[in-house]
1. Give me, ordered by chain and number, the residues 5 or more places off Arg22 or on other chains with an amide H under 5 Å from its own placed amide H.
2. Kindly report, to the nearest 10 Å², the accessible surface of Arg75 as traced by a 1.4 Å probe over protein heavy atoms only.
3. Beta carbons within 10 angstrom, averaged per residue: use that to sort the peptides 81-94, 120-133, highest first.
4. Among the listed pairs Lys86/Lys116; Lys47/Lys109; Lys27/Lys116; Lys116/Lys139; Lys113/Lys139; Lys84/Lys113, which have their C-alpha atoms separated by more than 18 angstrom in this model?
5. Collect residues whose amide H, placed 1.01 Å from N in the peptide plane, falls under 5 Å from the amide H of Arg118; neighbours closer than 5 in sequence don't count.
Amino acid sequence: MEPDDSIQNPEEKEYSSVCVGREADIKKSERMTAVVHDREVVIFYHKGQYHAMDIRCYHSGGPLHLGEIEDFDGRPCIVCPWHKYKITLTTGEGLYQAINPKDPSAKPKWCSKGIKQRIHTVTVENGNIYVTLSKEPFKCDSDYYATGQYKVIRSSSR
């Protein structure tokens with residue numbers, strides 16, 4: 001076995017849904033954390049919708065489950081408590097404000113850095129919350145803190 005074989009690549013594995021809790025519980029707390037197939041995730045309940053993503057911020061591994069949810073440019077985002085990075089709940093895009101430095105009257109506008117945080121699927125069945133890990137075939141910046149040497153939760157098979 002090669003040393004890198006133990007690093008989890010979400011696009012290379014098939015994952016089943018995992019029950020992470022009860023719908024009534026997350027509706028009260030509006031968030032919960034779980035380990036799904038050896039990957040730490042945070043699940044949010046915001047304005048009647050469920051969202052799941054890697055628990056560590058793509059920028060520097062900050063604990064997203066401790067962040068606040070705010071709307072930016074009409075999009076609900078989790079704000080990382082460490083460096084205030086803004087990540088959309090629905091797509092995992094990193095948002096930032098930009099201005100045109102050549103236009104002194106320019107107003108800042110919200111721009112996307114692209115998808116930075118891996119988003120996972122949440123389903124509800126008979127009052128249970130299930131998370132299915134993303135099968136998107138691309139590397140995501142948050143994978144860095146969810147896999148390999150920076151992963152907080154370690155597999156018992158190691």
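The values are calculated or read from the model by the stated rules, or taken from the named source; none is laboratory data. The shown structure was predicted, so the numbers you read here are calculated from the model rather than taken from an experiment. All Cβ positions, even for glycine, are placed from backbone atoms using ideal geometry, and neighbour counts span all protein chains on display. The accessibility values were calculated without ligands, DNA or RNA, using every heavy atom of the protein model including side chains. Shrake-Rupley method; radii C 1.70, N 1.55, O 1.52, S 1.80 Å.
1. Amide H to amide H, under 5 Å and 5 or more residues apart or across chains, Arg22 pairs with Ile129.
2. Approximately 70 Å² of Arg75 is accessible to the 1.4 Å probe.
3. 81-94, 120-133
4. The answer is Lys47/Lys109; Lys27/Lys116.
5. For Arg118, the qualifying residues are Asp54, Ser142, Asp143.
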